[in-house]
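Have a look at the structure below before the remarks.
The values are calculated or read from the model by the stated rules, or taken from the named source; none is laboratory data. The shown structure was predicted, so the numbers you read here are calculated from the model rather than taken from an experiment. With ideal geometry, Cβ positions are generated from the backbone for all residues, glycine too; neighbour counts draw on all protein chains shown. Each accessible area value is taken on the protein alone, full model and side chains, heavy atoms only, with ligands, DNA and RNA left out. Shrake-Rupley method; radii C 1.70, N 1.55, O 1.52, S 1.80 Å.
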Amino acid sequence: MAKHVAVLYGGWSAERAVSLSTGSACAKALEGQGYRVTLVDVQRDISNVLQAVAPDVVFNALHGRVGEDGTIQGLLEILRIPYTHSGVLASALAMQKDRAKIIMKAAGVPVPHGVVVNRFEAAKSHVLPAPYVVKPVDEGSSVGVIIVREDRSHPPQELMREDWAFGEKVLVEPYIAGRELTCAVMGDRALGVIDIRPATGVFYDYDAKYVKGGSIHVLPAEIKPNIYQKVQELALTAHQALGCRGISRADLRYDDTPGGTGELVVLEVNTQPGMTETSLVPELAAHAGYTFGELVQWMVEDATCNR
């Protein structure tokens, strides 16, 4: 009998739209691999729904809060349903960017220095010398990220908005010029390295990530072999230091600008990378020889709980 997979998607985080795309794509691919699939748009009755559906495995296609911060993982541990991606602790750590940086730095992974402040404090005065980046401490997909450039005389007033939906604390880090690099880890293996170049502008924002044609992916990244290898080593070390399993994706900055510092740092580790048609992990897996169907099948067969 075919294994029954419940694909959790949707939810109510700021990344709901991305999750819907990820879940739909993964469900279709899993059906193509012969699994029996039930799509579940996650709401607050998810415990009851899962007990009624009674899947053999959960494919977690949620993004953002609840879906990748250890919350849904804790529920699945209680229900004893094997699930894809990282467990409770790794998910919670990776989602809290400031805490994740402490763990990665202790493991020898270079990270940008930064400070966590209340959003109103960051709106009143420049917390760091410009240019710098302001980002929510526990969001993904570049939602809520603001780049404050050198020519900006005032701090970001967007942080004062009443409809700000990304938490009261923000992480402020120096802006690192140069390349946006990303590397996925699959189990205990680092895959290739992509150099991400926004089709317009200089920032790999939400639209650059999810709008078709919004970014240019250079794979393999056109960087020196020793830097390419170093990126892979850092991605794997960060994955292991945080206790991740299954698939993760590390995002890095590399300053190879003329007269630049040569700095290579890990910005964050994403334990629930996007799996849409424009997403990076399926592209990296394809470069390593996996079809999309084979990738999601590997993830289902790797699923577990009590980790």
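Quick notes on this one:
- Any hit, the stretch 66-80, residues being among the basic types (Lys, Arg), assigned to a strand (DSSP E or B), open to solvent by 40 Å² or more (accessible area, probe 1.4 Å) and more than 25 Å from Asp138 (Cα to Cα): no
- Verdict on Arg99 being open to solvent by 40 Å² or more (accessible area, probe 1.4 Å), among the charged types (D, E, K, R) and not in a helix (DSSP H, G or I): no
- Residue match in the stretch 51-71 (condition: touching a Ser or Thr at 6+ places or on another chain (Cβ under 9 Å) and polar (S, T, N, Q)): yes
- Filter result for the condition that a residue is within 30 Å of Tyr228 (Cβ to Cβ) and within 24 Å of the chain's Cα centre (by Cα), over Glu168, Glu139: Glu139
- Pairs, first among the aromatic types (Phe, Trp, Tyr) in the stretch 214-225, second surrounded by fewer than 17 Cβ atoms within 10 Å (Cβ to Cβ) and assigned to a loop (DSSP other than H, G, I, E, B), C-beta under 9 Å, six or more apart: none
- Scanning the stretch 38-65 for residues being in contact with a Gly (Cβ under 7 Å, 6 or more places away or on another chain), open to solvent by less than 20 Å² (accessible area, probe 1.4 Å) and within 26 Å of Ala2 (Cβ to Cβ) gives a total of 4.
- Only residues that are without any contact (Cβ under 8 Å) to a residue 40 or more places away in the chain, touching an Asp or Glu at 6+ places or on another chain (Cβ under 9 Å) and assigned to a helix (DSSP H, G or I) were counted in the stretch 22-48, giving 1.
- Residue, most open to solvent (accessible area, probe 1.4 Å), within the stretch 257-307, restricted to residues that are part of a helix (DSSP H, G or I) and in contact with a helix residue (DSSP H, G or I) (Cβ under 6 Å, 6 or more places away or on another chain): Phe292
- Looking across the stretch 111-154, the residues that are basic (Lys, Arg) and either surrounded by fewer than 19 Cβ atoms within 10 Å (Cβ to Cβ) or at pLDDT below 90 (or both) come down to Lys124, Arg149, Arg152.
- For the stretch 1-12, taking the residues that are free of Cβ contacts under 8 Å to residues at least 60 places away in the same chain and under 17 Å from Thr276 (Cβ atoms), the one that is most open to solvent (accessible area, probe 1.4 Å) is identified as Tyr9.
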